[in-house]
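Report on the structure given below.
Please treat every number below as a calculation from the coordinates, not as lab data. This one's a predicted model, so the numbers in the text were calculated from it and none came from an experiment. A quick note on method: Cβ atoms are made from the backbone with ideal geometry, for glycine too, and the neighbour counts reach across all protein chains shown.
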Amino acid sequence: MGNLKQEEVGRATKYQKTAFPNGIPECGADALRFTLLSYVTGGGDLNFDIKVMHAYRRFCNKIWQASKYVLGRLPPDFAPAASLDTSKLSLSERWILHRMNRAVKIANEALEARNFSRYTQSIYR
């Protein structure tokens with residue numbers, strides 16, 4: 001027994017059967033959190049889309065798998081360098097670092113401004 005009218009429940013059930021004929025996919029807490037942060041714009045209502053959350057689930061999984069791969073390849077005595085001499089890097093490596101630094105700057109600024117939607121967009125891009 002819920003607080004929705006029976007006709008509203010029927011309409012929602014009909015939509016779910018057409019939108020998700022195989023059921024709603026499991027997405028996990030990380031994807032849910034990332035999705036909710038991406039929707040925070042300062043307004044009151046959210047137009048929550050499960051398909052968006054499912055896409056963020058795949059994104060979060062890619063980040064997890066890449067992190068696991070990289071951390072598994074590091075030697076046990078690894079210590080990050082205090083600085084990086086970019087003159088020894090190729091053009092493509094410098095371009096990748098430039099894009100990463102720009103993304104980190106945007107993400108940090110967005111976090112400081114509590115603009116979580118912009119923060120998630122900068123990470124996703």
Original post:
Lysine pairs in the chain with alpha-carbon atoms under 23 Å apart, 8 or more places apart or on different chains: how many are there?
Top reply: 6
Original post:
Given H placed 1.01 Å from N in the peptide plane, which residues other than close sequence neighbours of V40 have an amide H under 5 Å from its amide H?
Top reply: S117
**OP:** Just rank H98, H54, fewest to most, by other beta-carbon atoms within 10 angstrom.
**Re:** H98, H54
Original post:
Within the P(r) computed for region 10-125, what percentage of the Cα pairs occupies the region above 20 Å?
Top reply: 62 percent
Subject >> Burial ordering of M100, M53, fewest other beta-carbon atoms within 10 Å first >> reply: M100, M53
**OP:** Convert each backbone phi in region 29-34 into a coupling constant with the Karplus relation 6.51 cos²θ - 1.76 cosθ + 1.60 (shift: θ = phi - 60°), then list the ³J(HN,Hα) values in order as whole Hz, x for Gly and Pro.
**Re:** 5, 5, 5, 4, 4, 5
Subject >> Calculated diffusion of region 25-75, Stokes-Einstein form, Kirkwood radius summed over Cα pairs, 10 °C and 1.306 mPa s, µm²/s >> reply: 130 µm²/s
Subject >> In sequence order, calculated HN-Hα J values of region 2-15 (Karplus, 6.51, -1.76, 1.60; Hz; x Gly/Pro) >> reply: x, 9, 8, 5, 4, 5, 5, 4, x, 5, 5, 5, 4, 4
Subject >> Taking only Cα atoms of region 86-125, radius of gyration then Dmax in Å >> reply: 12.3, 37
Original post:
Measuring from centroid to centroid over Cα atoms, what is the spacing of region 1-25 and region 53-97 in Å?
Top reply: 42 Å
Original post:
Just I96, I50, I24 to compare: in a GNM of the chain, with alpha carbon springs under 10 Å, which one fluctuates most?
Top reply: I96
